[in-house]
Each structure stands twice: as structure tokens, then as C-alpha cells.
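Here's the structure we're looking at; comments come further down.
The values are calculated or read from the model by the stated rules, or taken from the named source; none is laboratory data. Predicted, not measured: the structure shown is a model, and the values here were computed from it. A quick note on method: Cβ atoms are made from the backbone with ideal geometry, for glycine too, and the neighbour counts reach across all protein chains shown.
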């Protein structure tokens, strides 16, 4: 509709959205200095948990058979079931093919061993630069977990950081597995107790400050289950109120919540066996109201939550909502949610983040998301033009920069 009414305006919007560098505010990627922890290449793309879950629907093989295969064999199996025995029409399959196209790799031969040869030519460092280039991503926010025994040594030893990769301090074990985490913190020299008595909360704040400084974290974050409620009297909420939020106020760290994952509903699929459920938006509103000096970032996994979360963000200026992740990362849902957010919140939102675990996914997720954002914006600018208010190209560039990470940077004070 907008293209027919204002074709030049529509073209400008699409050009600007296509060429504006993005700050991807939440991923599971690693700086290339993390070596073997970095996931990239065709086998990692094919064995991503999105495709594992999809492939199991197409086979009667027991799960133990699949998990007993090497990664290359798993990729072969998924390629056979999802790309050769049926058309790869799902968004996850399309993403693999889009990535290959953007890399200049012709997949029409459908020859997986030949595709592997293209990736064998790259070093991880050079490949990182190539993916950032074709994705037009200027900055990537990682998810960094000091409790992970594989990741922690890199931070303790130190490494030469890639300028495009920034950190976010993840707190899931601290907030959701306190009995286990308390013992770990005590072993690391923090005077904490499982019952939160004594100097425990002060020591947790010290731990957070130590790691936020070490990582130079942009914000701290947690993935909460849909059952989370605030202000219930729980260990999670006590740690949040008396340790995490005071730390955030003192050190200028926003608190990000990704709410709605139901872990392990099908355990035999491992990471691919997670699901979702609607979360409680009033709990987020109560948290924002109780702590107006803290900044909160939130995304929810269930489609059913999106309208109420938008309304919550209208009421609390210390709440910034973002992203269409995991089960929402489908074009029809991204379009619906992006349109809703812009209609309710204007430019005060971050419509998308990639949630990537495999470096290559930066290429396809942003390639698929940008045209959706451009189409929504073109329609809204056309509506605006019909009122007699005409925007300039520089104003469109300003607005798109805001939506692709600029508004988020302003919100967190970075």
C-alpha cells in the first residue's frame, strides 16, 4: 500500500534500513578470541537446535541414535531429512540457504561435502570479519556467564577483545539456582550463606561489581520462567531486590529479563526440547513501579504477551522492550509485533535482536528482518505524509539508527 502511495519514500526507507549498521543487542555469540567456544560454519548451522527439533518430527529414529553421531554425521542426517527428502521451506531451513547465498556459495547442487569445502578455506578471525560485513552489524552483545567452567577462564586470563564484541553479564545460576551457586561463590572467596544471612547480599553485590568490571558489561540479564511472579517472597526476588538492583543503581547497569521459556519439556531433545508459555506482565509493571531508579529491559517469548508488554512500556519510562526471539523469529510474527510496537511506542523500542548462537546466523537473521522493518516503516511514513507531515532522508536515517540499536544505547547510557 505505501509503495503505491509514495513510491520514492518507500524506496528511501528500504535503502536506509538496508544500509544502516545495527547494534545486535542480544546474542549467544563469542568474541573470536574464545577459540573453540565460537560456533560457525555449515555443520554448526545445520545442527542448531531449531533444526534438530524440526528434523526429529521427520524421523522415527530414537534420540539416542542422533546424539551418538558426530557433529558432521548429525549435519548429514538433518540435511537429508530437511533439505533433500522435502523442500526446506521453514524459516530455520531458509536461514541456512540465505546464509550460503550471502556468502556467495551456490547450494543448488545440494552437495553437503562440497559446501563444507567452502568453509574450510576460512580462519575463524577472517570469517568473523566477513560475517560482520555482510550482516552490516557494527556491534554484537554477547551473553557471558561467569559460572560457566569453559567460558570463565578466558575472562580470568584476559584476551585481546574484538572491538565489535561487547559483554552482558548473565545471572541465571545466581537467581535461579542459589543453593548451588552459593557454594560456588563461597569457594571463590565470597562470604555468602545459602540462607542469605550475614554479609551474603553485600558479598553478592561485590561479586557482581567484580565481574561487571572485568567484562565491562553493557547490562546484566536473566532468563526467567513463565511462572516468575513479583513481588512474591522468594529467594530469587530477595536476591534481585537486595543485591542485583542495588548493584545496578550503583554501577549504572540495566537489568534485562527474557521471560517465558519452559525448559526441557522434551528432555530427550536436550536444548532442542525447550518450549514456552505466557508470562506475567503485571509482575514486570510491579518491578518497574517499585524501583523507578533502575532501568529494565524486557522481552517475552509468547505471542500472547506482546500487546500487554507494549502497554507496560507506555506506562514506565524505565522499561525498554526488544526483540522477536526464538519461537517468535518468524516473518509473519515479526511483522505483526513490529507494527504493534511502533504504533504504540513510536521509536522508543528495539524491534529486533538476532539471539544468534552460530556466527553465520547474523547474516540471515538481519537479512530477513530488515525488509520487514522497512515495510512497516514505509507504511507508517506514508501515513504520516498523508497528514501533510513530510520527513526528510536525514530524519529517516536518524529514526532507523534509533530502531537498530541507537535508542537502546541511549536507554542504558552507553
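Being part of a helix (DSSP H, G or I), free of Cβ contacts under 8 Å to residues at least 40 places away in the same chain and within 20 Å of residue 144 (Cβ to Cβ) is the requirement here; does residue 247 meet it? No.
Taking the stated definitions as given, is residue 367 modelled with pLDDT of 95 or more and either assigned to a loop (DSSP other than H, G, I, E, B) or over 16 Å from the mean Cα position of the chain (by Cα) (or both)? Judged against the criteria, residue 367 is not a match. In the range 224-237, the count of residues that are farther than 27 Å from residue 299 by Cα and modelled with pLDDT of 95 or more is zero.
Quick check: anything in the range 24-39 more than 30 Å from residue 271 (Cβ to Cβ) and either more than 25 Å from the chain's Cα centre (by Cα) or at pLDDT 95 or above (or both)? No, the conditions are met nowhere in the range 24-39.
Filtered by the rule that a residue be touching a residue at least 60 places away in the same chain (Cβ under 8 Å), surrounded by 13 or more Cβ atoms within 10 Å (Cβ to Cβ) and either in contact with a strand residue (DSSP E or B) (Cβ under 8 Å, 6 or more places away or on another chain) or part of a helix (DSSP H, G or I) (or both), the range 48-96 gives 49, 50, 52, 53, 56, 63, 91, 94, 95, 96. Note on the range 344-361: among residues that are in contact (Cβ under 8 Å) with a residue 40 or more places away in the chain and under 11 Å from the mean Cα position of the chain (by Cα), the one that is surrounded by the fewest Cβ atoms within 10 Å (Cβ to Cβ) is 357.
Of all residues in the range 119-137, those satisfying the criterion of being within 14 Å of residue 44 (Cβ to Cβ) and either at pLDDT 95 or above or surrounded by 14 or more Cβ atoms within 10 Å (Cβ to Cβ) (or both) are 119, 122, 124, 127, 128, 131. Residue check: residue 126 meets all listed conditions (1) without any contact (Cβ under 8 Å) to a residue 12 or more places away in the chain; (2) in a helix (DSSP H, G or I); (3) farther than 30 Å from residue 409 by Cβ but one, namely (3). Of all residues in the range 284-314, those satisfying the criterion of being surrounded by fewer than 22 Cβ atoms within 10 Å (Cβ to Cβ), in contact with a helix residue (DSSP H, G or I) (Cβ under 9 Å, 6 or more places away or on another chain) and either modelled with pLDDT under 95 or not in a helix (DSSP H, G or I) (or both) are 291, 293, 294, 302.
Residues that are touching a helix residue (DSSP H, G or I) at 6+ places or on another chain (Cβ under 6 Å) and either loosely packed, with under 14 Cβ neighbours inside 10 Å or over 13 Å from residue 46 (Cα atoms) (or both) within the range 99-109 comprise 102, 105, 107, listed in sequence order. What about residue 40, is it in contact (Cβ under 8 Å) with a residue 40 or more places away in the chain and either over 30 Å from residue 392 (Cα atoms) or part of a helix (DSSP H, G or I) (or both)? So residue 40 passes the test.
Is it the case that the range 393-404 has a residue that's at pLDDT 95 or above, within 16 Å of the chain's Cα centre (by Cα) and not in a helix (DSSP H, G or I)? No; the residues of the range 393-404 include none that is at pLDDT 95 or above, within 16 Å of the chain's Cα centre (by Cα) and not in a helix (DSSP H, G or I).
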